[in-house]
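Written out below as structure tokens is the structure these notes cover.
Rule-based calculations on the coordinates, nothing more; no lab input. Predicted model, so just to flag it, every value in this text is computed and none were measured.
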Amino acid sequence: GRRACAGSMQAMNISCTAMARFVQEFAWRLKEGDEDKADTIQLTTNRLYPLHVYLTPRGRK
């Protein structure tokens, strides 16, 4: 059979967990005026202009 990277599944799990924690731990806010920028290059999710966001740590209780 074909051989695959032994750590690929672990790398996928770690990167997904890290991204989920990043999204969970910060409050996301769009830059003023970016709400209306919906232009795309193709029929994909690629944006014509980059999306700028402001991140602030969520408060802990």
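List the residues whose amide H sits under 5 Å from the amide H of F26, counting only those 5 or more places along or on another chain, with H placed 1.01 Å from N in the peptide plane.
The answer is R58.
Note the full-extension length gain between A27 and S15 as 0.36 nm times their separation in residues minus their Cα-Cα distance, in nm to one decimal. Walk me through the intermediate numbers first.
On the way: separation 12, 0.36 × 12 = 4.32 nm, distance 1.99 nm.
Gain on stretching A27 to S15: 2.3 nm.
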